[in-house]
Structures are given as structure tokens and as C-alpha cells.
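To start, the structure under review is shown below, and the notes come after it.
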Amino acid sequence: MENKANTIIDIFEAISAIPRCSKNESQVAAWLMDWAREHGYPSRSDAAGNLVIRVPATAGMENRPTVILQGHMDMVCEKTPASTHDFERDPIRLVRDGDWIHAEGTTLGADNGIALALALALAEDDTVCHPPLELLFTVDEESGLIGAHKLDASLIEGRILINIDSEDEGVFTIGCAGGEETLVRLPLTYEDLPAGCGGDRIVVGGLRGGHSGVDIHKPRANANRLLGRLLLRLQEREGVRLVSFSGGSAHNAIPRDASALLAFPPAQASMVRETVKICEQVFLEEHADTEPNLFVHDEAAEGGLPERVLCPESAVQAVRLLNALPHGVHGMSTRVAGLVETSCNLAIVRIKKDALEIISSQRSSAMSRMDEMTERVAAVASLAGASATRLNHHPAWAPDMAAALLQRCREVFGGLCGKEPVVEVIHAGLECGLIGDKVPGMEMISIGPNLRHPHSPDEKLDVPSVGRVYQFLAALLTSYTR
């Protein structure tokens, strides 16, 4: 099993050498199509770039139902502030640390490159008996399940789907939250930089971040929220002017870093820097047990200051809006113990020329509750004079405890491991919800090896669990001989 796990990791390393941030999957798609041609397997893409590779059944299993092995080609591209990695050109460099693999200062991309590697390894393995397979690899999952939104359902023929985008071995996911994003846009007004002003860049960083579905219930700080609180305090002081703000990088990642450029008279410099120190101490005390690497500091503005700054009234509006928008858990499920039902992630904040733009990401397993959360975001925006545009809605995936696929998976897992698997519904979003909506009657389950801290540079993959998940998938496919 160790040899098989290493073979899968070799495939994953080859995939990791190809840049594949969301919306930049063309190179990895070409690599996969080349792989299909080399093995004599037909492949087909739809207009969105989603790809299916058809693998013929093992002799004698041609009449068995087609099974879809599904994952997504893109990855979240996050790096540490010290990293010089260029996600458009550089390969992800894998580092082996005992049983775990991580990357050098970046996200690893096992979410979801390991799904591609597992599917290709299964197709290449002549010792695995299997029915007809469709390897379905979608694009742009991490930007809001865009590929699944645009999936041409005629691309696939199977009605049994194994999604390999879960993060805990031995756990079968049979339902997930729906999601929606909101683009909040507040028009800004500017005036000339007051004469004699200097400036500092205020930086909040060192946070753990994490996945806004999987980790939203954990007591982790949001860099956008912390910097917003600091700016609220500074705005009470005369002469402090907001120039720019940038925080967060993805709708589904809890922001780890944020920065703002401020202008102020020299007489206010010591006050600004003292306020930064005070806020850092407050934030460290609030998050002493969960954010040990949190920092807030000021640094000289590189390249000087621009000629224009936000008008005081516009800056106050922007900072108050940032502080008023919701973030975190909004409600727990009354049906599934311990499950977050509804949440909101204050994900991305940018000042872009004439407007403050904010991406808020809402999730819920109850569509009416998600609508409520989205409407709350829109109401706060409206009170601040901002617009709110709804984006990338995707439905929840309702669980079916009686599904034949779930019963088969339980039997196979029990036979291999001698115990029952954990069956769960999660707060994160999965493509299963959209695929099931497009293809009525699709039986689905989601599995995966142990993956920790996805969507952050701390992401790491448990190699032995990759081998065990492969063993389970091989046994599951072979079970269709019966």
C-alpha cells in the first residue's frame, strides 16, 4: 500500500508542477487530455472547460453502471507574506515531513489535485476491476463552483458519482450547504492630499485563516475585521486620512492578511503608531489561545503617497460599513448536532479607484436562511449608501440516508476496516449540489484522504491515508462485479 501511495503522490507532484489557480486551468486540462490520448481514452470538454475522460470497463463489466470519479482542476493560491512564489509560472514544491506533505510557503493544492491523481491512478491500475468510468474534472470550483454551474450535463452519462473533495478519511459526506456571494460596492469621493502629510502602511497578519465552510465555527480572527476595528479608532483622530485598503484573497478563505495606507500630519505620527501598538495588544489578548502569530504593525509607505486621499466623510462611510457587515456563524442546525447551519465570511475588501468593493460569502443548509443572511448583507450595504449584487448562487445538497450508493460504500468500508464509517453533512460547499441539480437522480457521495488547513499555506496531506482511500475506491469499483 505504501508503494501505491507513493505512485499517487508522484502523479500529484506532476500535476503540482503545472500552474492551476482558479480561472487558469488550461495548462492542466491540456496535460490531462495528453494523458488520455497516451492511454487511448476518449476525452471531451464543454464550453466552460470542464473535462471528462472515458475509461472503458474491465472485460466482463461492460454492462455494469458507469461510475463517475469527480474532482476539480483548480486550487486556491495563497502564500505567506515572505514567499516569492509566482502562481502563474512556478511549480508547487512539495515537502515531505514524515507521513505528511506540505508546500514551501504556499497552499499545497491537494484540494483538489489529489482527486485527479487518485482517479488517474485507478484508471492506470490493471489489477483493479471496474465498470465503465467517467473521470469528470471541473474548472473554477474555488471561485464559487463556477465550472459546476456551467457544466453541460450531456458531458456525462453515469448516474453514480464519487466526489473526491472531502478532507477526512473514513468520513462519507452525503450533504452540504448551499452558498451565495454578495458584491458590495460603495462609491468613494476623493480630495487632494493635504500639504505636509506623511504616511504609514498598517498591516494585520500572521493569522491562521482557513476554509470559510470547514473552519468558520472555530475562534479564528478575520484580518479584515481586525483592521476595520483599528481604522474605526483612528478615524476619531483629526487629520488621519485613508488612502487604500486591501484584505483577503478568496471568497472561501477566512482572511489571513490585510493592509491599509494612511496619510497624516507629522504631529499625528506618534499617536497613529501608539494606536497600532495598543490594538495589537488588544487583539493578541482576545486571540491568545487561537492566533499565536497574530501581528499588527506600521511600516513606511513605499514609494511615498499618492496625490489624492479619501474625503473624510467617504472614509467614515467606508470604515463604518466594513465594521457593520456580518462575519462568522449566524445559526446552528436544529436537526444535525454540531452542524453550522448558516454563516457569513467577510472575505475580500479592496479600494479600487472610485469605490470600496467587498465580497461577502454566505452559506446555509437551509435556503431560506441563506436568503435571510444575504438580505441582511444587502440591508447593511443599503444603509451605508452602497449597492449589493448577488453572485454565484448554488443549492444545498440534501442528504439521503437510504441511498443505494451509501449502503454499498458502508458495506465495502466495513469489509476493509472492520468498523462503520462516519456519515455526515457539512457546512462547506461541494459541487455535488449543483451536479445533482443538473442531473436528477444522480446518486452521490464525497470522500477523501486526510487533508488539514486547506486554503492556507499550512495545508498538508496525510500520505498513508491517500493509500487507504485508494484501497477503498478500488474495492468499491470492484464491488460492481456482484
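Per residue and in Å³, how big is the convex hull formed by the alpha-carbon atoms of region 191-249? Each step should come with its number before you reach the end.
Values: hull volume 6.3 nm³, N = 59.
So the per-residue hull volume is 107 Å³.
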(message) Can you bin every Cα-Cα distance in region 384-432 into 5 Å intervals starting at zero and give me the percent of pairs per bin, rounded to whole numbers?
(response) 4, 15, 17, 16, 13, 10, 6, 5, 4, 4, 3, 2, 0
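How much length is gained if the chain between Ser368 and Glu285 is pulled fully straight, taking 0.36 nm per residue apart and subtracting their Cα-Cα distance, in nm to one decimal? It would help to have the intermediate numbers written out before the result.
Numbers: separation 83, 0.36 × 83 = 29.88 nm, distance 3.70 nm.
Gain on stretching Ser368 to Glu285: 26.2 nm.
Under the rule of -39500 (n - 2.57) per DSSP H run of 4 or more residues, summed and divided by the residues of the chain, what mean residue ellipticity at 222 nm is obtained, to the nearest 500 deg cm²/dmol?
Per the formula, -9500 deg cm²/dmol.
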(message) List the trypsin sites (Lys or Arg not before Pro) within region 201-239 that DSSP assigns to loop and that have no more than 15 neighbouring Cβ atoms inside 10 Å.
(response) Arg237
(request) Could you check the simple spin-label distance between Val316 and Asn3, using points 7 Å along Cα→Cβ, in nm with one decimal? (result) 7.3 nm
(request) Take region 40-182, compute every pairwise Cα distance, and split them into 10 Å bins from 0; I just need the percent in each bin. (result) 10, 34, 34, 18, 3, 0
(message) Just to confirm the filter: which GluC sites (Glu not before Pro) across region 184-254 are DSSP coil and have at most 11 other Cβ within 10 angstrom of their Cβ?
(response) Glu236, Glu238
(message) For a Förster distance of 41 Å, can you work out the FRET efficiency between the beta-carbons of Glu420 and Gln27, rounded to the nearest 0.05?
(response) 0.50
(message) Let me test this: with uniform point scatterers at the alpha carbons of the chain, what is the Debye-based log₁₀ I(q)/I(0) at q = 0.12 1/Å?
(response) -1.04
(request) Mind checking the per residue accessible area of region 89-163 for me, 1.4 Å probe, whole number of Å²? (result) 32 Å²
(request) Using 0.36 nm per residue of separation minus the Cα-Cα distance, give me the extension gain between Ser479 and Lys352 in nm, one decimal. (result) 40.2 nm
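Between Ala153 and Ser83, what FRET efficiency follows from the Cβ-Cβ distance if R0 is 51 Å, with the result rounded to 0.05? Don't skip to the answer; put the middle values down first.
Details: r = 40 Å, r/R0 = 0.78.
So, using R0 = 51 Å, E works out to roughly 0.80.
Around Asp192, with a cut-off of 9 angstrom between Cβ atoms, what is the net charge of the other residues, counting Lys and Arg +1 and Asp and Glu -1?
Values: positive: Arg308; negative: Glu191, Glu307.
Counting the neighbours of Asp192, the net charge comes to -1.
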(request) Leaving ligands, DNA and RNA out of it, report the carbon-plus-sulfur percent of the accessible area of the chain at a 1.4 Å probe. (result) 49 percent
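Past the 28 Å Cα-Cα mark, which pairs from Lys218/Lys352; Lys23/Lys277; Lys4/Lys79; Lys150/Lys419; Lys150/Lys353; Lys79/Lys353?
Flagged as over cut-off: Lys218/Lys352; Lys23/Lys277; Lys4/Lys79; Lys150/Lys419; Lys150/Lys353.
Over region 1-107, what is the relative contact order in percent, taking alpha-carbon pairs closer than 8 angstrom and at least six residues apart?
On the way: 102 pairs, mean separation 31.8, N = 107.
Once normalised by length, the contact order is 30 percent.
The values are calculated or read from the model by the stated rules, or taken from the named source; none is laboratory data. Fair warning: this is a prediction, and the values are worked out from it, not measured in the lab. Methodologically, a virtual Cβ is constructed for each residue, glycine included, from the backbone with ideal geometry; neighbour enumeration extends over all protein chains shown. Accessible surface is based on the protein model in full, side chains and every heavy atom, while ligands, DNA and RNA are left aside. Shrake-Rupley method; radii C 1.70, N 1.55, O 1.52, S 1.80 Å.
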